[in-house]
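Note sheet for the following structure.
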Amino acid sequence: MPLDERYALDEFLITTMARQFSGEVMVSSVTAFGALAALLAKARYAPDLAVLATPESGMEVTPMPTLSLGQFLTDAQRGIPLTMEEIFDAIFTDHFRIWINPAQIDRHGNTNISVIGDWHQPKVAMVGSRGIPEDTSHLSQIFYYVLTHSRRTVVEQVDFRSGAGTGPDRDATLGAHGAPSVLVTDLGVFDFTGPGGTMAVRSLHPGVTLEEVQEKSGFEIHAPGSIPVTDPPTEEDVQIIRDADPLEVRKLELLSGPEAAERFVSIYERERQALHAAWPRLGKLG
Amino acid sequence: MTVDQVVADIPSGSTVAIGGSSLSRKPMALIRALARSSVKDLRLIVDVGGPDVDLLIGTGSVSEVIYAFVGFEVLGLAPHFRRARQQQALRFEEWTEYTVMAGLDATIKRVPFLPTHAGLATDVLSVNTSFRRFQDPFHGEELVAVPALKPDVALIHVNYADAKGNGVILGDGHVDVLCAKAARRTYMSCERIISSDELQRYGRDVQILRVHTTGVVELPWGAHPTGCAPDYRADLRHLQDYLKHSANEDAWREYADQYIYTDPSRYLERQGGVEALLARLKV
């Protein structure tokens with residue numbers, strides 16, 4: 001997607017993610033993108049959100065992306081402490097939302113964070129399915145994002161289903177509970193309203209063509225006759241994101257190699273100072 | 001108790017549940033003690049694992065891992081776990097975050113299983129043969145039966161404890177309470193042992209109850225290199241060093257000699273001492 005000088009790709013995607021939220025639900029902040037999307041949504045689009053500082057930790061917190069300080073943010077802001085039981089009860093009762101960043105997503109919205117290749121003989125063993133089976137069997141909205149839309153990430157069929165997509169297996173057991181709702185990538189916004197619950201184009205980001213999307217996907221994504229362009233962020237959106245992430249932790253998700261490593265160290269060294277500047281300590285050991 | 005007394009209570013082949021979550025409040029000093037002992041063939045149960053599982057695999061102490069996740073979060077994948085998975089060197093059973101909790105809870109409640117929808121329409125059910133599908137006897141709905149997980153031992157690390165075995169957790173609780181209640185014997189390390197009078201001032205933060213604990217060990221910085229909020233954050237620089245040393249056998253032996261095959265006080269000296277740790281990690 002061609003860059004506009006008014007915003008960076010990360011700011012465009014975070015704003016697009018923020019605009020998917022609605023209602024009074026807990027929102028987990030697992031990644032910097034997810035945390036900033038929740039924060040921006042609460043400020044501008046979905047004021048009733050109950051935002052969490054980390055996957056677990058505390059509620060009613062203003063997230064600030066860091067590498068090591070999630071629980072300290074809860075403590076400094078005196079967030080409402082949550083237990084794992086409360087998190088899963090919120091998932092089971094459909095009062096919870098999360099942006100999940102899978103390694104693979106397929107035509108039916110099945111997602112994989114566990115393994116590349118056969119589970120029993122892995123080519124790359126990743127991390128394990130974590131809580132994705134719980135999310136994809138209970139929540140009425142499931143949000144996914146993929147930062148590099150390619151044939152390696154948007155695939156015909158995932159190597160392993162950590163997250164349940166659409167299709168006969170779901171229809172026979174779960175029904176609509178936990179079905180995938182939205183996928184945001186660096187090329188566009190997609191949903192699962194194609195034939196048989198398959199992936200369909202909802203909008204393309206400015207300057208992105210349908211040909212480019214099909215070229216970079218492992219299967220042909222269903223496309224309606226007329227495709228809208230994704231709305232860009234406003235000046236206010238961009239400002240809120242920049243103010244909330246003074247260390248620019250969000251940029252790390254788009255980088256790799258030596259540049260990422262260098263930034264990583266620099267953020268780790270500076271983040272305590274940034275936390276104290278934003279939230280003078282009043283916590284349990286303060 | 002001492003670290004050595006805890007390890008002496010854990011025979012080879014034990015099933016060990018570990019508290020904490022990835023880079024947060026892992027009982028690493030106890031884990032290192034277990035790793036340098038002659039204990040082998042451990043069956044580990046973790047909800048969200050990290051350097052705990054990885055280090056014990058690295059020292060050859062493990063025969064099986066039951067897990068929902070094993071990784072180093074922002075730092076990437078767990079190197080020994082990944083290698084062992086790819087070489088099919090050990091037995092692995094992939095569970096999910098809630099089902100590990102439910103398996104422990106089933107043991108606590110003395111029932112053989114607990115039901116859930118989690119896992120339906122995913123491949124977790126096809127690779128994990130411990131789960132069973134069954135029909136709800138009331139309405140015929142299809143559900144997953146999560147079998148009871150029965151740890152012999154639980155290892156956890158908390159902020160403060162009294163000598164009787166009550167424990168204070170000030171940051172996220174993770175699954176420590178479930179581990180402590182489900183295990184036949186629970187060993188708890190803590191940053192500091194305090195008097196029972198002082199402990200009771202922490203009210204609801206007293207999460208670990210002495211009826212569930214077998215022993216307490218005072219081990220300052222006992223979660224290092226993971227974090228122990230709000231006392232200290234995770235030592236990501238040390239963990240980067242760990243990852244670097246996990247690349248090949250020689251480097252790993254060097255890491256193990258330096259940091260595992262040593263006692264807890266020398267371990268802290270090798271981190272530059274308490275002053276240096278405070279400067280790096282106190283928030």
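The values are calculated or read from the model by the stated rules, or taken from the named source; none is laboratory data. These numbers were taken from a predicted model, which means no experiment stands behind them. Note: ideal-geometry Cβ built from the backbone for every residue, glycine included; neighbour counts use all protein chains shown. When the accessible area is computed, the model is the full protein with side chains, heavy atoms only, and any ligands, DNA or RNA have been set aside. Shrake-Rupley method; radii C 1.70, N 1.55, O 1.52, S 1.80 Å.
Taking B:T96 as meeting all but one of (1) out of contact with any helix residue (DSSP H, G or I) (no Cβ under 6 Å at 6 or more places or on another chain); (2) among the polar types (S, T, N, Q); (3) facing chain A (nearest Cβ under 10 Å), write down the number of the exception. So the condition that B:T96 fails would be (1).
Within segment B:215-265, the residues that satisfy the criterion of being assigned to a helix (DSSP H, G or I) and either touching a Cys at 6+ places or on another chain (Cβ under 9 Å) or under 18 Å from B:V6 (Cβ atoms) (or both) are B:I260, B:P264, B:S265. Consider segment A:137-171 and keep the residues that are of a type in the set (V, I, T) and more than 15 Å from A:F192 (Cα to Cα). The one that is surrounded by the most Cβ atoms within 10 Å (Cβ to Cβ) is A:V158.
Just one of B:D176, B:D152 is open to solvent by 10 Å² or more (accessible area, probe 1.4 Å), under 19 Å from the mean Cα position of the chain (by Cα) and in contact (Cβ under 8 Å) with a residue 40 or more places away in the chain; which is it?
On inspection, the qualifying residue turns out to be B:D152.
A single member of A:P206, A:P195 is open to solvent by 80 Å² or more (accessible area, probe 1.4 Å) and more than 30 Å from B:L243 (Cα to Cα), and it is A:P195.
Residue-by-condition table, conditions (1) among the hydrophobic types (A, V, I, L, M, F, W, C); (2) under 24 Å from A:S29 (Cα atoms):
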| site | (1), (2) |
| --- | --- |
| A:T166 | no, no |
| A:A176 | yes, no |
| A:L187 | yes, yes |
| A:D191 | no, yes |
| A:H205 | no, no |
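With respect to the conditions (1) assigned to a helix (DSSP H, G or I); (2) open to solvent by 70 Å² or more (accessible area, probe 1.4 Å); (3) at pLDDT below 95, A:G225 falls short on a single one, namely (1).
Of all residues in segment B:48-66, those satisfying the criterion of being among the β-branched types (V, I, T) and facing chain A (nearest Cβ under 10 Å) are B:V48, B:V65.
Out of B:E269, B:E249, one residue alone is open to solvent by 70 Å² or more (accessible area, probe 1.4 Å) and over 19 Å from B:V53 (Cα atoms). It is B:E269.
Every residue in segment B:136-147 that is surrounded by fewer than 23 Cβ atoms within 10 Å (Cβ to Cβ), away from every other protein chain (no Cβ under 11 Å) and in a strand (DSSP E or B), please. Listed by number, the residues that qualify are B:A145, B:P147. Might you check whether a residue that is among the β-branched types (V, I, T), within 14 Å of another protein chain (Cβ to nearest Cβ) and surrounded by fewer than 24 Cβ atoms within 10 Å (Cβ to Cβ) occurs anywhere in segment B:67-77? Yes, segment B:67-77 contains at least one residue that is among the β-branched types (V, I, T), within 14 Å of another protein chain (Cβ to nearest Cβ) and surrounded by fewer than 24 Cβ atoms within 10 Å (Cβ to Cβ). Could you check segment A:43-80 and list, in sequence order, the residues that are within 14 Å of another protein chain (Cβ to nearest Cβ), of a type in the set (A, V, I, L, M, F, W, C) and in a helix (DSSP H, G or I)? Of everything in segment A:43-80, those that are within 14 Å of another protein chain (Cβ to nearest Cβ), of a type in the set (A, V, I, L, M, F, W, C) and in a helix (DSSP H, G or I) turn out to be A:F72, A:L73, A:A76. Scanning segment B:179-212 for residues that are more than 20 Å from A:K284 (Cα to Cα) and either more than 13 Å from the chain's Cα centre (by Cα) or among the aliphatic types (A, V, I, L, M) (or both) yields a total of 11.
Being open to solvent by less than 10 Å² (accessible area, probe 1.4 Å), within 11 Å of chain B (Cβ to nearest Cβ), not in a strand (DSSP E or B) and not polar (S, T, N, Q): is that true of A:L40 here? It is false that A:L40 is open to solvent by less than 10 Å² (accessible area, probe 1.4 Å), within 11 Å of chain B (Cβ to nearest Cβ), not in a strand (DSSP E or B) and not polar (S, T, N, Q).
On inspection, B:V65 passes the criterion of being of a type in the set (A, V, I, L, M, F, W, C) and closer than 16 Å to B:L149 by Cα. State yes or no: is B:I193 crowded, with 21+ Cβ neighbours inside 10 Å, in contact (Cβ under 8 Å) with a residue 24 or more places away in the chain and of a type outside the set (D, E)? For B:I193, the condition - crowded, with 21+ Cβ neighbours inside 10 Å, in contact (Cβ under 8 Å) with a residue 24 or more places away in the chain and of a type outside the set (D, E) - is not met. How many residues, within segment B:78-93, are open to solvent by 30 Å² or more (accessible area, probe 1.4 Å) and more than 9 Å from chain A (Cβ to nearest Cβ)? Qualifying residue count for the region: 4. Among the criteria (1) more than 13 Å from chain B (Cβ to nearest Cβ); (2) within 23 Å of A:V146 (Cβ to Cβ); (3) under 20 Å from the mean Cα position of the chain (by Cα), the one A:R242 does not fulfil is (2).
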